[in-house]
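Since every read-out is calculated from the coordinates, none of them should be taken as a lab result. Worth saying up front: this structure is predicted, and the values here are computed from it rather than measured. Note: ideal-geometry Cβ built from the backbone for every residue, glycine included; neighbour counts use all protein chains shown.
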Amino acid sequence: MYAFTLERPTTLADAVKLAAAGAKPLAGGQTLLASMKLRLSAPEQLADLSGVKELTGITKEGNAFLIGAMSRHLDVANSAAIKAAYPALADLASRIGDRQVRAMGTMGGSVANNDPAACYPSAVLGSGATVVTTQREIAADDFFVGLFTTALTDGELIKAIRFPIPKRAAYEKLRQKASNFPLVGIFVAQYDGGVRVAVTGAGNGVFRHKGLEEALTKSFTPESAAGVKIDSSDLNSDLHASAAYRGNLISVLTQRAVAKALG
């Protein structure tokens, strides 16, 4: 690694001051520290957010969960309240990476990083969640901008994410065995206003699939999803899978997610 200084703020106000001064926020460190070891990232100062209690906690507010940005994946996976009211979200968290990653990785860190194959962005976008920052509230549809890019500005920190609880939801993925990231992941959530389908791993970032959403809003069945033609022309193609294969996975995994949501 390059030389750097490590700050450990204990209040959100101090963390914001450090971020505004140029310190790189350190959440779970599952991506940042690996990048630093490979010398792909060389921040001169890190602000370790693990001591900021204001960024932790899981609370139910009406028909929504407010989950602190520093909540670990295991916190979400093991939450009795989330398991009872939003089991799809707990299930997604329980299958991120491996046990070590789930013990250290955080929701806020994953969402802020916006890896194109990460699991959490699909839950945020698929739920129509709201990202609560130190400056504003950002709708999921406006938050994910592109490859490793979000609407966050310099010095802006995620405080929490608000997830509206759906009528039904499920997450399905096909895991790339070497990295544990999904080749494709599908998050399906049914609300009174319609169905949202978020896709991760298939493109340059998480995205919603309008065709699947329209079909499933009319008829929430695996057969309805199977009838939607998936255009693979803009999907990723690499040594792990072709664009056509990823397109087929979008269809198959959506069908499985709907069947799982229906029980």
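Observations, loosely collected:
- Flagged links, alpha-carbon separation over 26 Å, of Lys83/Lys210; Lys177/Lys260; Lys159/Lys260; Lys17/Lys83; Lys37/Lys173: Lys83/Lys210; Lys159/Lys260; Lys17/Lys83; Lys37/Lys173
- Shape class of the stretch 169-262 from the Cα gyration tensor (axes a ≥ b ≥ c, square roots of the eigenvalues): prolate, since a/c reaches 1.5 or more and a/b is larger than b/c.
- Cβ-based exposure ranking for Glu214, Glu156, Glu172, in which fewest neighbours within 10 Å come first: Glu214, Glu156, Glu172
- The chymotrypsin sites (Phe, Trp or Tyr not before Pro) of the stretch 1-71 that meet both conditions, a loop assignment by DSSP and at most 11 other Cβ atoms within 10 Å of the site Cβ, are Tyr2.
- Hits among aspartates and glutamates - C-alpha to C-alpha of Lys218 under 20 Å, sequence gap 8 or more where chains match: Asp192
- Furthest towards positive pole of dipole, Val206, Thr56, Ala169, structure part the chain, Cβ charges: Ala169
- Under-5 Å amide H pairs with Thr133, H placed in peptide plane, nonlocal only: Ile138, Lys159
- When the Cα atoms of the stretch 86-195 are aligned to their principal axes, the ranges along those axes come out at 37, 34, 24 Å in descending order.
- Neighbour-count order for Thr133, Thr254, fewest beta carbons within 10 angstrom listed first: Thr133, Thr254
- Among Thr134, Thr11, Thr221, Thr200, sorting on how many other beta-carbon atoms sit within 10 Å of each Cβ, with the fewest leading, yields Thr11, Thr221, Thr134, Thr200.
- Along the chain, longest interval not containing exposed trypsin sites (Lys or Arg not before Pro), exposed being DSSP loop plus at most 13 other Cβ atoms within 10 Å: 40-135
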